[in-house]
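The values are calculated or read from the model by the stated rules, or taken from the named source; none is laboratory data. These numbers were taken from a predicted model, which means no experiment stands behind them. Counting neighbours? That spans all protein chains shown, and the Cβs are built from the backbone with ideal geometry, glycine included. Only protein heavy atoms, including side chains, enter the accessible area calculation; ligands, DNA and RNA are left aside. Shrake-Rupley method; radii C 1.70, N 1.55, O 1.52, S 1.80 Å.
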Amino acid sequence: MRTRKFIAVLAMTVPIALAGCSSGSGGASPSIAPPAGATFDARPVKAGGTINVALSQDPDALDPTTANTFVGREVFASICEKLYDIDENLKIVPQLAAAAPEVSADGKTVTIKLRTGVLFNDGTPMDATAVKKTLDRNRTKADSARRSELGAVSDVAVVDPSTVRLTLSRPFAPLAAQLADRAGMIMSPAALAAEGDNFGAKPVCVGPFSFVSRTSGSEIVVQKSDKYYNKDQVKLDKIVYKIITDSNVRAANLRSGDLQVAERLATNDVPAFQADSKFKLLVGGGLSYQGITLNAFNVAGTDKAPGTVNTPLGKSVQLREAFELSLDRDTINKVVFNGLYEADCNPLPMNSPYRDPAATCTKRDVAKAKQLVAASGVPTPIPVTLLITAAPVNQRLGEVVQGMAKEAGFDVKLQPTEFVTSLDQAKSGKFDAIQVGWSGRVDPDGNVNDLITTGGSNNYSGLHDPRIDDAIHQAAATTDDTKRRELYTTAIKAQQEQHCVIYLYHERYFLGTAGDIAGIRYYADGIPRFATAGFAA
């Protein structure tokens, strides 16, 4: 059988731009130029010590099969390695795999060689049998959030202790990218057998750190693993992830020394930290998007058949269009985020080669929005309950949306909710609208598949459109970049016609650290990697 080495990556990968980006919603430049930032502080570090790291939200269960939160991925980066990872240039590189996957000429057989001599943090071997156990669990578990990500995989076979063979039902170009995220985090079979559905409470994987404890809503503790295959490079003794949802408190605790690292500093705090020599500022992000999802068809849950939601927005695509037309993306970016984000109406990153280069975003048009509202015959003000994460910056964003939509005839009521609870409500269909986003992936399939495809676990709107499904599935089956761009353009345009997801902006992530902390790797995915971190020597 002829094979070829293949890793699906962003074609023509270039560093994420940090300044001078057009918003795509009228071409306005950011009101404040985004700060220059590093992705890696290469100063040497000394062995030992504990750092306190602030997370902006409380992760859901630490089970790679079912997890859905971005902050969960941040913790996983320390305790659960993957078959593949990304590097600072967004290229996919082997992690627990020993090399790039070998793909058959017809694209339906994928062979993955594994590192040898690797142990899970419970001391059991990481081998092909363990990989099969994890991938089969991801593919078949009833509540798996990975099922659609591995939907093309029909069989996983053990070739020998260091080789697995995946049989695909169709060619699937994003496979390596999926295995560079939660779908590729390999779990200890012994821990799976012992914990079952409660694995997330005591996760055991391969990682530079091992899980110690979790206090819900407060902290997650991990410690240096003595089983890690590259343990000599790990300098820290322990990491304590602190759950601090208020960005003002994160900033204050970083200044006071109670924290050594704080993620997602608010944009209004960025200039002060950038100017203060006692701190370092690392800049990541760009792959993610944030927006507002309107519930049109999710009547009983994302895992149930779609219907028509009995609300004004659910029943009328014209009202959903009017709601979108009431919003000004550039103003939101300037008022809420000091112009440091990128206003946009597309789920794909600004520099993705899979974007339609001719696409533009609709500008705010209150007059047209009012016409659509009047034509609907629905009495005004039209009530809309908007779920937002309970945090100051989300409150500010919600208030700006509230004020803009009011001018078009909508009465937006803000409902601040704990983050994981809001996701549960969204999945169950118990919402009108939710301000939510996605942390982004290096392959475009990861920013649309499962999010706007029929039956997707993260398709909170319940959107079901064959044009979208067919285009996304066809795009995943080819490695022709031009064809993929055309297909993703078709899918995104079809979603925009439904106005179920109103994309608003791409985030920048600002990671603040004490000046004596070095060795953190911080890339465009916004996930801080602490394997080489520590106190500067």
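Taking the conditions exactly as written (open to solvent by less than 20 Å² (accessible area, probe 1.4 Å) and either under 21 Å from Pro306 (Cα atoms) or touching an Asp or Glu at 6+ places or on another chain (Cβ under 8 Å) (or both)), does Ala390 satisfy them or not? Considered against the rule, which asks whether it is open to solvent by less than 20 Å² (accessible area, probe 1.4 Å) and either under 21 Å from Pro306 (Cα atoms) or touching an Asp or Glu at 6+ places or on another chain (Cβ under 8 Å) (or both), Ala390 comes out as no. Going through the stretch 190-236 one residue at a time, which ones are touching a residue at least 40 places away in the same chain (Cβ under 8 Å) and of a type in the set (A, V, I, L, M)? Within the stretch 190-236, Ala190, Ala191, Leu192, Ala201, Val204, Val206, Ile220, Val222, Val234, Leu236 meet the criteria. In the stretch 46-103, how many are touching a strand residue (DSSP E or B) at 6+ places or on another chain (Cβ under 8 Å), part of a loop (DSSP other than H, G, I, E, B), surrounded by 21 or more Cβ atoms within 10 Å (Cβ to Cβ) and of a type in the set (A, V, I, L, M, F, W, C)? Counting residues in the stretch 46-103 that are touching a strand residue (DSSP E or B) at 6+ places or on another chain (Cβ under 8 Å), part of a loop (DSSP other than H, G, I, E, B), surrounded by 21 or more Cβ atoms within 10 Å (Cβ to Cβ) and of a type in the set (A, V, I, L, M, F, W, C) gives 4. For the stretch 378-385, the criterion of being over 24 Å from Asn447 (Cα atoms), touching a Lys or Arg at 6+ places or on another chain (Cβ under 6 Å) and either buried (at least 22 other Cβ atoms within 10 Å of the Cβ) or in contact (Cβ under 8 Å) with a residue 12 or more places away in the chain (or both) is met by at least one residue. Looking only at residues of the stretch 528-537 that are part of a loop (DSSP other than H, G, I, E, B) and modelled with pLDDT of 95 or more, we find that the one that is nearest to the chain's Cα centre (by Cα) is Phe530.
Scanning the stretch 359-385 for residues that are more than 20 Å from Asp330 (Cβ to Cβ) and in contact with a helix residue (DSSP H, G or I) (Cβ under 9 Å, 6 or more places away or on another chain) yields Lys370, Gln371, Leu372, Val373, Ala375, Ser376, Val378, Thr380, Pro381, Ile382, Pro383, Val384. For the stretch 477-486, the count of residues that are closer than 26 Å to Thr66 by Cβ and either in contact (Cβ under 8 Å) with a residue 60 or more places away in the chain or in contact with a helix residue (DSSP H, G or I) (Cβ under 8 Å, 6 or more places away or on another chain) (or both) is zero. Looking across the stretch 419-445, just one residue is of a type in the set (Asp, Glu) and touching a strand residue (DSSP E or B) at 6+ places or on another chain (Cβ under 6 Å), and that is Asp432.
For Tyr228, the stated conditions hold: it is under 18 Å from Ile520 (Cβ atoms) and over 23 Å from the mean Cα position of the chain (by Cα). Remark: pairs (first residue in the stretch 438-465, of a type in the set (Val, Ile, Thr); second residue surrounded by fewer than 24 Cβ atoms within 10 Å (Cβ to Cβ) and in a loop (DSSP other than H, G, I, E, B); Cβ separation under 7 Å; 6+ apart in sequence or on different chains) = Val442/Val9; Val442/Leu90; Thr454/His464.
Of the helices (runs of 4 or more DSSP H) entirely within the stretch 247-363, those holding at least 1 residues that are over 19 Å from Ala54 (Cβ atoms) occupy 270-275, 312-315, 317-325, 329-337. Here Ser216 clears all of (1) buried (at least 18 other Cβ atoms within 10 Å of the Cβ); (2) modelled with pLDDT under 95 except the condition numbered (1). Of all residues in the stretch 176-216, those being in contact with a strand residue (DSSP E or B) (Cβ under 6 Å, 6 or more places away or on another chain) and in a loop (DSSP other than H, G, I, E, B) number 3. Within the stretch 283-309, count every residue that is modelled with pLDDT of 95 or more, among the aliphatic types (A, V, I, L, M) and surrounded by fewer than 24 Cβ atoms within 10 Å (Cβ to Cβ). So the answer is 4.
Among the residues of the stretch 399-424, those identified as in a helix (DSSP H, G or I), surrounded by 20 or more Cβ atoms within 10 Å (Cβ to Cβ) and not aliphatic (A, V, I, L, M) are Phe419, Ser422.
Across the stretch 480-523, which residue is farthest from the chain's Cα centre (by Cα) among those that are closer than 19 Å to Gly291 by Cα and in a loop (DSSP other than H, G, I, E, B)? Looking at residues that are closer than 19 Å to Gly291 by Cα and in a loop (DSSP other than H, G, I, E, B), I get His499. The number of residues in the stretch 106-118 being open to solvent by 60 Å² or more (accessible area, probe 1.4 Å) and over 18 Å from Val156 (Cα atoms) comes to 2.
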